[in-house]
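What follows draws every value from the coordinates through simple rules; no lab data is involved. As the structure is a prediction and not an experimental result, all values here were calculated from the model. We place every Cβ from the backbone using ideal geometry, glycine too, and count neighbours over all the protein chains shown.
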Amino acid sequence: MLRLYYSAMTSAFRCRWALEETGLAHEVVHLSLARADHKSAEYLKIHPLGSVPALVDGDAVVLESAAICMYVAEKDPERRLVPPEGSIARAHYYQWIFFSMTNIDSIVHGPYLRAFPRPPELRSTAATDDERAALRRYLHLLEDRLAAGWVLGQQFTTADIILGGLLEWADVCGLLRGAGTPERYLARLRERPAFQRAAD
């Protein structure tokens, strides 16, 4: 059985969401960042940097949330979250995952980290107008895709989980305010039963 080391409100959420979408048998091990569970000697044997998430599959360990999500997608016998090998859709799948982790994350991560020392009612004010404008410049490339369906058209894939997890962070810290299409796309993602189970 797959074992996911998880903390709420971290990038581990997207890994849990991917597991819920596939239905693969798994165990979620909750780590408290407040108690520094992720810095325990036991956990440092799994993730030497003491970060979450980490996925354990037998004797193997997979680190980094995007890599974990992609690995989970490949393990699903029905391949529901990944386009066929060798297809142009597969190339675009890689493109948008790397685009999200390189460009979107670089803008979202800072404001998101600034949001959490704040009381919940003030978290949506963490982002600046300049940061919102920078995010919209990147999201503009996806505008037509997100308006019509999912990142790859009609097939929901891991690319949506990676982008959606980042947009969830963006919304929390106020980066998505007034973004229109990306806000509606995130609302559709939140309606997915697997998203809701992962957010529990």
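Can you tally the net charge around A127? Count Lys and Arg as +1, Asp and Glu as -1, for every other residue whose Cβ sits under 11 Å from the Cβ of A127. Summing Lys/Arg as +1 and Asp/Glu as -1 gives 0. Listed from fewest to most Cβ neighbours within 10 Å, the set V108, V56 follows the order V56, V108. Less than 11 Å from a label point 7 Å out along the Cα-to-Cβ axis of M1: which backbone N atoms in the stretch 25-47 qualify, by residue? Only 25-29 pass the distance filter. Helices of the chain meeting both criteria, an alpha-carbon length of 20 angstrom or more along the long axis and an average Kyte-Doolittle score not below 0.0, with helices taken as full DSSP H segments, are 158-172. Going toward the positive end of the dipole of the stretch 1-54, with +1 on Lys and Arg Cβ and -1 on Asp and Glu Cβ, which of A54, L19, S40 do you reach last? Going by the charge dipole, the pick is S40.
Each peptide in 7-13, 116-122, 65-71, 76-82 receives the mean, over its residues, of other Cβ atoms within 10 Å, and ordering these scores from highest gives 65-71, 7-13, 76-82, 116-122. Net charge dipole, the stretch 2-75: roughly 240 debye, given to the nearest 20, about the Cα centre with Cβ charges of +1 for Lys and Arg and -1 for Asp and Glu. How big is the Rg/Rh ratio for the stretch 2-75, C-alpha atoms only, Rh by Kirkwood, two decimals? Result: Rg/Rh = 0.94.
The packing ranking of peptides 124-135, 14-25, highest mean first, is 14-25, 124-135, where packing means the average number of other beta carbon atoms within 10 angstrom of each residue. Relative contact order of the chain, taken over Cα pairs closer than 8 Å and 6 or more residues apart, is 23 percent.
Counted over the chain, the DSSP beta bridges are approximately 60% antiparallel.
Can you give the charge dipole size of the chain about its Cα centre, rounded to the nearest 20 debye, using +1 on the beta carbon of Lys and Arg and -1 on the beta carbon of Asp and Glu? Provide the component values of the computation, followed by the final result.
Working: 23 positive and 25 negative charges, 64 e Å.
So the magnitude is around 300 debye.
Extending 7 Å from the Cα toward the beta-carbon at both E191 and D59 defines two label points whose distance is 4.7 nm. In plain terms, the chain from R118 to A25 could stretch by 29.9 nm, reckoned as 0.36 nm per residue minus the Cα-Cα distance. Projected label points at A36 and A133, each 7 Å from Cα along the beta carbon direction, are separated by 4.2 nanometres.
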